[in-house]
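The values are calculated or read from the model by the stated rules, or taken from the named source; none is laboratory data. The shown structure was predicted, so the numbers you read here are calculated from the model rather than taken from an experiment. A quick note on method: Cβ atoms are made from the backbone with ideal geometry, for glycine too, and the neighbour counts reach across all protein chains shown.
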Amino acid sequence: MSIADYEKKVEKLMDERDKLEEKCDTLPQCQEDDGCETCETYAKIEKIDQDIEELEEKIEELMGEEEE
């Protein structure tokens, strides 16, 4: 995959994350102190964050290879 492909995936995941975060702000359980620990939406956001981090690492690797 090219860097552009990875960047498109990151953008798509960021959009999805933003939508979930907006939803999260409106959930009643999110008003509680420990609400995030039991929230499925928050778990999805954390998974997306992990995926984004992995993709960004791959982008950095590819950019490093191109410089050599």
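Only a single item in (1) touching a Ser or Thr at 6+ places or on another chain (Cβ under 7 Å); (2) at pLDDT below 90 is not met by residue 20, and it is number (2).
Put simply, of 5, 18 the only residue that is surrounded by 10 or more Cβ atoms within 10 Å (Cβ to Cβ), of a type in the set (Asp, Glu) and under 10 Å from the mean Cα position of the chain (by Cα) is 18.
Would you check which residues across segment 22-63 are surrounded by 12 or more Cβ atoms within 10 Å (Cβ to Cβ) and more than 27 Å from residue 5 (Cα to Cα) and list them? Once the filter is applied, which keeps residues that are surrounded by 12 or more Cβ atoms within 10 Å (Cβ to Cβ) and more than 27 Å from residue 5 (Cα to Cα), segment 22-63 yields 23, 24, 27, 29, 30, 32, 35, 36, 39. Taking each residue of segment 18-30 that is over 21 Å from residue 52 (Cα atoms) and looking for partners that are part of a helix (DSSP H, G or I) with beta-carbon atoms closer than 8 Å, six or more apart or interchain, yields 27/35; 27/41; 29/35; 29/38; 30/24; 30/36; 30/42.
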